[in-house]
């Protein structure tokens, strides 16, 4: 078994995950800069951050069928080009439309990379290593997120428009990925299933695992082909035979995003500012979030083929529910003090004058503070206060908020983060895998977009306590779903998983 070679090509392909993670998190540091430069409302901000997911949907829905037709490797090369173009253009954008367009192009790359990299790795990995190697993609995603937070922190004080540097630096790793992809082989399973190039596939399999491994794997692939000659279709995906697989796939895709993970990654500094932190501390806390994500993804990679997929999901979703409840409690118990120090921090003179009428008062909730300010401010001024100024008046257990967010991220990193993509790469039959993962990935991106679009509005209008309470309830539902529906796939070949579930 040439373990080193298999890990090497898996790491190269998983660099797409690094770019995906970097692209997802780098926007968190640019939020204030782009909001001011393009003069965005809450909805425009939500769209400019979330529009990348529209591109991801297009990448999701097209990447699978295209990779079935042209091969996994070629589609990954195209995603590298899209990442490079997006990073360069978004950094140079001078209008809101240009900026959004550049972000959507990057999103198409994300949609392709997040689906095709795990498929490729699952198809070249021996069963005993498959969970760990597919999880390398998730490891690279979280590594990209961590590097983005570090990059943002060190670039935030650059003179001029620092957000442009934050976004543009991604072009460097994107170019490296493009060049490195030319060193990996084509998927041996794809070569046999789609082109019937058995000899070429056999040479690649020998390089991966030796002659005996190549022979047994080749025969297993050919037996699978003999059982299903027809090309997979959308109607076949939703047939009664596929019911169990569809429930697992769509359920995991839904709960992975609806529990709010991208709200945390895209708006981490904003959340910590809501808890009363200044800009510097908020960026530093975002770095800690990224490092936590990275460390616990490494834990997941170590455990996924030992402990199994389902136990990790149960432990993770239960802990996510606890962590989100802690965040809810922290924000619910916060008070709002209208004191001299807080009033002095208000930038808008008219708002500051109005707030001075409440000097010396204390409120037990955001809603109570807003109700008292409503007669003193215009509708636009009240909205401005809710969006930018309220965080200056909060008195909260900021340590509890930080612990809750870190616990939540750690729990996600050992469960729904890597396990969902591992299971999606395992549970679908080979003839329908491309189209199936495209459809499920599209749905996953749609849920992600909904969370990302609404989060700024939720923080402004519902407040952080209700926002986190909603996510806590959804995390409890995700735990119940995992316990009832998810089936263990640890240690089984792709063909054995298919027989088990269909």
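Across region 192-233, the qualifying residues are those that are within 12 Å of residue 432 (Cα to Cα) and exposed (fewer than 12 other Cβ atoms within 10 Å of the Cβ), and the one among them that is modelled with the lowest pLDDT is 229. The condition of being modelled with pLDDT of 80 or more and over 22 Å from residue 293 (Cβ atoms) does not hold for residue 83. Among the residues of region 56-77, is there at least one that is under 18 Å from the mean Cα position of the chain (by Cα), in the same structural domain as residue 145 (by TED's automatic domain parsing) and closer than 24 Å to residue 290 by Cα? Checked against the condition, which is being under 18 Å from the mean Cα position of the chain (by Cα), in the same structural domain as residue 145 (by TED's automatic domain parsing) and closer than 24 Å to residue 290 by Cα, region 56-77 yields at least one hit. Condition first: assigned to a strand (DSSP E or B) and surrounded by 20 or more Cβ atoms within 10 Å (Cβ to Cβ). Can you find one or more residues in region 365-377 that meet it? There is no residue in region 365-377 that is assigned to a strand (DSSP E or B) and surrounded by 20 or more Cβ atoms within 10 Å (Cβ to Cβ).
Of note, residue 175 does not satisfy the criterion of being surrounded by fewer than 23 Cβ atoms within 10 Å (Cβ to Cβ), over 23 Å from residue 269 (Cβ atoms) and at pLDDT below 80. Going through (1) farther than 16 Å from residue 121 by Cα; (2) buried (at least 24 other Cβ atoms within 10 Å of the Cβ) one by one, residue 63 falls short only on (1). For beta carbons closer than 8 Å, sequence separation of 6+ or different chains, a first residue in region 360-379 that is in the same structural domain as residue 339 (by TED's automatic domain parsing) and a second that is in a loop (DSSP other than H, G, I, E, B) and surrounded by fewer than 18 Cβ atoms within 10 Å (Cβ to Cβ), the qualifying pairs are 360/339; 372/361.
The values are calculated or read from the model by the stated rules, or taken from the named source; none is laboratory data. Computed from a prediction, not measured in an experiment: that's the story for all the values here. Note that we place each Cβ from the backbone using ideal geometry, even for glycine, and neighbour counts take in every protein chain shown.
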